[in-house]
Amino acid sequence: MTVGDALKGLYERIDRVCRRIGRDPAEVRLMGVSKFHGPQALEAAWQGGLRLFGESRVQEAEGKFPGFIREHPGTELHLIGSLQRNKARRAASLFDCIQSVDRNELITELGALTVDRDRPLMILLELHTGEDSKSGYPGVEQLLSAAETALAFPNLSLEGLMTIAPYTEDREVIRASFRALASARDQLRRRFPEAGRFGKAPWSCLSMGMSGDFEIALEEGSTLLRIGTAIFGERTYG
Ligand SMILES: *Cc1c(COP(=O)(O)O)cnc(C)c1O
């Protein structure tokens with residue numbers, strides 16, 4: 001299957017789930033997770049209408065995206081893998097959004113790096129909701145403190161939350177992980193109704209759902225699906 005056909009099929013599946021549960025498909029964004037895929041895959045995805053891309057590693061993204069972004073204005077690039085502090089500066093200059101923010105010291109670092117920027121750096125706070133993943137804040141208490149830290153920096157735009165569900169066949173375990181994220185978002189929104197100051201609805205982004213579980217994620221309120229394999233096929237290395 002070509003990348004274009006895969007994208008078409010995915011948009012159809014997203015539409016179908018949204019119609020079934022009474023959600024507006026326009027509130028759901030599709031990200032192509034292009035890690036381990038090369039320039040041809042990026043080009044095919046762009047031709048298929050994709051504008052939002054996700055990468056796990058700063059170094060890999062630096063090798064692939066600066067040229068692509070120059071040639072394809074309108075590309076939006078998010079970091080979805082864990083970020084070490086010593087790569088924060090490079091990440092802040094390449095990515096539009098860091099989805100994998102999981103420590104307050106990283107927020108402080110990103111905040112300091114962006115004070116002079118002309119456009120805000122978007123961030124999501126990652127919540128740990130599944131056994132398999134090691135990353136993410138452990139609970140809502142820590143998210144509240146993280147939000148407070150982030151809101152002190154004028155050029156960090158706190159857009160919402162992100163999680164990775166456990167890798168399991170058990171749909172109820174996956175669903176519980178997504179519900180935990182939606183519930184955390186509701187609590188944060190009550191406490192910090194002003195987040196998302198750059199023109200968007202507060203806490204509008206819930207990044208959850210991958211190739212194997214995105215339909216459950218949509219049912220639980222996802223607004224950003226991070227899809228790799230179902231768009232680009234199996235990853236060739238790594
Ligand atoms: C690799 C990755 C994805 C995409 O996974 P697929 O199962 O290939 O769709 C999504 N989110 C994160 C954080 C990833 O690392």
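Is segment 81-91 home to any residue that is under 19 Å from Thr163 (Cβ atoms), assigned to a strand (DSSP E or B) and touching a residue at least 24 places away in the same chain (Cβ under 8 Å)? No - not one qualifying residue is present in segment 81-91. Against the criterion of being among the hydroxyl-bearing types (Ser, Thr, Tyr), surrounded by fewer than 20 Cβ atoms within 10 Å (Cβ to Cβ), under 25 Å from Tyr167 (Cβ atoms) and within 12 Å of the ligand (Cβ to nearest atom), Ser100 does not qualify.
Within segment 4-27, residues that are under 14 Å from Glu219 (Cβ atoms) have Cβ atoms under 6 Å from residues that are acidic (Asp, Glu) in these pairs: Val17/Glu215; Ile21/Glu219; Pro25/Asp15, counting only partners at least 6 apart in sequence or on another chain. Taking segment 141-166, which residues are among the β-branched types (Val, Ile, Thr) and in contact with a strand residue (DSSP E or B) (Cβ under 6 Å, 6 or more places away or on another chain)? Thr163 - this is the single residue of segment 141-166 that is among the β-branched types (Val, Ile, Thr) and in contact with a strand residue (DSSP E or B) (Cβ under 6 Å, 6 or more places away or on another chain). Anything in segment 141-171 that is polar (S, T, N, Q), in contact (Cβ under 8 Å) with a residue 12 or more places away in the chain and in a helix (DSSP H, G or I)? List them, or say none. Those that are polar (S, T, N, Q), in contact (Cβ under 8 Å) with a residue 12 or more places away in the chain and in a helix (DSSP H, G or I): Ser145, Thr149. Of all residues assigned to segment 171-180, at least one qualifies as being crowded, with 19+ Cβ neighbours inside 10 Å, farther than 16 Å from Ser100 by Cβ, modelled with pLDDT of 95 or more and more than 16 Å from the ligand (Cβ to nearest atom). Every condition in (1) at pLDDT 95 or above; (2) under 22 Å from Val33 (Cβ atoms) holds for Ser135 except the one numbered (1). Counting only residues that are in contact with a strand residue (DSSP E or B) (Cβ under 7 Å, 6 or more places away or on another chain) and free of Cβ contacts under 8 Å to residues at least 40 places away in the same chain, segment 131-140 holds 2 of them. Note on segment 210-234: among residues that are in contact with a Lys or Arg (Cβ under 7 Å, 6 or more places away or on another chain) and assigned to a loop (DSSP other than H, G, I, E, B), the one that is surrounded by the most Cβ atoms within 10 Å (Cβ to Cβ) is Glu220. Filtering segment 212-237 to residues that are within 9 Å of the ligand (Cβ to nearest atom), of a type in the set (Gly, Ala, Ser) and more than 17 Å from Gly81 (Cα to Cα) leaves Gly212, Ala230.
The values are calculated or read from the model by the stated rules, or taken from the named source; none is laboratory data. No experiment lies behind these values; they were computed from the predicted model shown. Cβ atoms come from the backbone with ideal geometry, glycine included; neighbour counts cover every protein chain shown.
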